[in-house]
1. Looking at Leu41, Leu71, can you tell me which residue is within 21 Å of Arg181 (Cβ to Cβ) and buried (at least 20 other Cβ atoms within 10 Å of the Cβ)?
2. Give me a count of the residues in segment 313-333 that are surrounded by 13 or more Cβ atoms within 10 Å (Cβ to Cβ), touching a residue at least 24 places away in the same chain (Cβ under 8 Å) and over 30 Å from the mean Cα position of the chain (by Cα).
3. Kindly provide the set of residues from segment 238-285 that are acidic (Asp, Glu) and over 19 Å from Lys214 (Cβ atoms), ordered by number.
4. On the basis of being surrounded by 21 or more Cβ atoms within 10 Å (Cβ to Cβ) and without any contact (Cβ under 8 Å) to a residue 40 or more places away in the chain, does Val106 make the cut?
5. Which one is modelled with the lowest pLDDT, of the residues in segment 174-229 that are loosely packed, with under 13 Cβ neighbours inside 10 Å, part of a strand (DSSP E or B) and not polar (S, T, N, Q)?
6. Out of segment 147-176, which residues are within 25 Å of Leu273 (Cα to Cα) and more than 15 Å from the chain's Cα centre (by Cα)?
7. Go through segment 292-312 and report how many residues are outside any helix (DSSP H, G or I) and either free of Cβ contacts under 8 Å to residues at least 24 places away in the same chain or under 20 Å from Arg49 (Cα atoms) (or both).
8. Between Leu71, Leu156, which is aliphatic (A, V, I, L, M) and touching a His at 6+ places or on another chain (Cβ under 6 Å)?
Amino acid sequence: MTPPQSFDPALDPAINPDARVRAPSAVPVDDVVLPFEVAALDLRGRLTRLGPALDALLSKHDYPAPVGKVLGEAIVLTTLLGSSLKFDGRFILQTQTDGPVSLMIVDYQAPNRMRAYARFDAERLAPGLDTAALLGRGHLAMTIDQGPDMSRYQGLVALDGGNLEDAAHEYFLRSEQIPTRVRIAVGEEWRGGDGQGPTHGWRAGGMLLQFLPKAPERARQADLDPGDAPEGSAPHAVAEDDAWMEGQSLIGTVEDIELIDPELSGERLLYRLFHERGVRVFPTRQVEARCSCSREAVAAMLASFAPEDRADMVQDDKVVVTCEFCSSVYEFTPHEAGVEQGRS
């Protein structure tokens, strides 16, 4: 996975003396990814605030609140990682675990389309379960699909009782070896509804921060435990760079309410954190909830099945296919589904 942020030389005072220095915008903007840089600390990052797009993804299935929250966290993480793609491909996050929420899939299609789905056991849901308990044990897969003519890249992380922030940190430690910290928050919002009672919506926010110094040795991390070191061997240790220690300290102060506050703009949040060092923002990228399913795509999927399997799908003289992501329903006659006459 390639983490570099978009960079506009016109915004760099070192290159363009006329680069605009301004106060942070006070206008909150939802459903965007805001890249930023703290040059004094060699930090790059992305901030996302999700509102209507997140609500559209979760409301299509009327998930119970605990399921909506953990799927929302997966959507935020996928947004932070998928928005780094520099080509027309896909970033797919998938969990398979033994917990009450046994499967989650979030599909981010560059440059800005996203869909999501979760499978859960309602009988195992209980009040007070956190993300770690909802997921249980299993694995998280992060896949980059560069298109039909390119090979896929996939990284796997064990889910062993931690949350998705922990999994992201483990992924970057083992797969990318880039010092990285992630913060994720998801919440439900209730507002007065013009005399029709309160209205409900989902909100979320997330921040990804990475240490990317020009001298690679400054970003060196301790070697991973090989698992078979002789007993009594001292673990490898590397002193962390002061700039990265400061960056971790600053992102560690971010509270959940700051990430999802509909009245706090992303630029003001970044200014709160990094104004002493100076923070530069780059053009935002819009995020939208939009499924890639279509009647043509479903027809092509049906054509890939064996004739006897298609015949088994016929019920009440029709074949009905429901998209798991967006709940769209597609109906086909047996002839349209390619079922041979007499086999249904």
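1. From the options Leu41, Leu71, the qualifying one is Leu41.
2. 3
3. Glu255, Asp256, Glu258, Asp261, Glu263, Glu267, Glu276
4. Numbers: surrounded by 21 or more Cβ atoms within 10 Å (Cβ to Cβ): yes; without any contact (Cβ under 8 Å) to a residue 40 or more places away in the chain: yes.
For Val106, the condition - surrounded by 21 or more Cβ atoms within 10 Å (Cβ to Cβ) and without any contact (Cβ under 8 Å) to a residue 40 or more places away in the chain - is met.
5. Arg191
6. Selection gives Glu170, Leu173.
7. Within segment 292-312, the subset outside any helix (DSSP H, G or I) is 292-294, 304-306.
Those left that are additionally either free of Cβ contacts under 8 Å to residues at least 24 places away in the same chain or under 20 Å from Arg49 (Cα atoms) (or both): 294, 304-306.
Looking only at that region, the number is 4.
8. Working: Leu71 fails: touching a His at 6+ places or on another chain (Cβ under 6 Å).
None of the other options fit; the residue is Leu156.
The values are calculated or read from the model by the stated rules, or taken from the named source; none is laboratory data. Here the structure is a predicted model, which means the values were calculated and not measured. Glycine also receives a Cβ, built like all others from the backbone with ideal geometry; neighbour counts cover every protein chain displayed.
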